[in-house]
Amino acid sequence: MYDNTNIFAKILRKEIPCQAVAETPHALAFRDISPKAKHHILVIPKGAYEDFADFIARATEEEIVGFYRTARQVLADLQPELGYRLISNSGQRGGQEVPHYHLHILAGQNLGAMVSL
Ligand code: AMP
């Protein structure tokens, strides 16, 4: 069940600040507090969804399109022609720390290998 005390829920309620780069009716994009690349931006839906599967299962088509178009809008400012990476972690084994669905956008440098065994 969605935990509305998670840090992104607090950011959405404006209880804690963020470095916002875009806001649309269904999504908020802001800089990751601990960047893993020159540009590291998180895009989150405004609705209460835990991860990708939950978002796709329960969100309306308008929310889904609005969310991904916001991600595309953020990407447009990051020279996407030079390459970028989108990541969405889910669950403990997937490396998810914050249980509110989010897309990591990484760009601005050579990103190297995705994962190693
Ligand atoms: P994940 O491990 O996929 O759940 O990613 C959570 C991300 O949220 C991590 O990259 C954190 O650095 C980032 N993060 C945690 N707290 C904040 C915050 N207050 N503002 C911005 N990014 C945050």
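The values are calculated or read from the model by the stated rules, or taken from the named source; none is laboratory data. These figures come from a predicted structure and were not determined experimentally. Quick reminder, even Gly has a Cβ in these numbers, built from the backbone with ideal geometry, and neighbours come from all protein chains shown. Each accessible area value is taken on the protein alone, full model and side chains, heavy atoms only, with ligands, DNA and RNA left out. Shrake-Rupley method; radii C 1.70, N 1.55, O 1.52, S 1.80 Å.
Per-structure values
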read-out	value
Cβ-based net charge around P17, under 12 Å, with every Lys or Arg adding one and every Asp or Glu removing one	+3
Per-q log10 I(q)/I(0), segment 39-78, q = 0.14, 0.20, 0.25, 0.29 Å⁻¹ (Debye; single scatterer per alpha-carbon; no solvent)	-0.32, -0.61, -0.85, -1.02
Ellipsoid semi-axes in whole angstrom, largest first, where each is sqrt(5λ) of the Cα gyration tensor of segment 12-75	20, 13, 12
Per-residue SASA entry for E62, accessible area with 1.4 Å probe, Å² rounded to 10	130 Å²
Straight-distance crosslink candidates among aspartates and glutamates, where the alpha carbon sits under 14 Å from K38 and sequence neighbours closer than 8 are dropped	D77
Choice from D54, D77, D32 showing the highest fluctuation, given a GNM over the chain with Cα pairs closer than 10 Å	D77
Surface accessible to a 1.4 Å probe, E50 within the full protein complex, Å²	60 Å²
Reachable lysines, given that their alpha-carbon falls under 19 Å from the alpha-carbon of K10 and they are not under 8 places away in the same chain	K46
Rounded to 10°, Cα long-axis angle of helix 61-76 versus longest principal axis of the chain	30 degrees
For L103, solvent-accessible area (1.4 Å; no DNA, RNA or ligand), Å²	10 Å²
Calculated P(r) tail over 26 Å for the chain, as whole % of Cα pairs	16 percent
Segment 64-112: C-alpha gyration tensor shape, a/c 1.5 cut-off, then a/b vs b/c	oblate
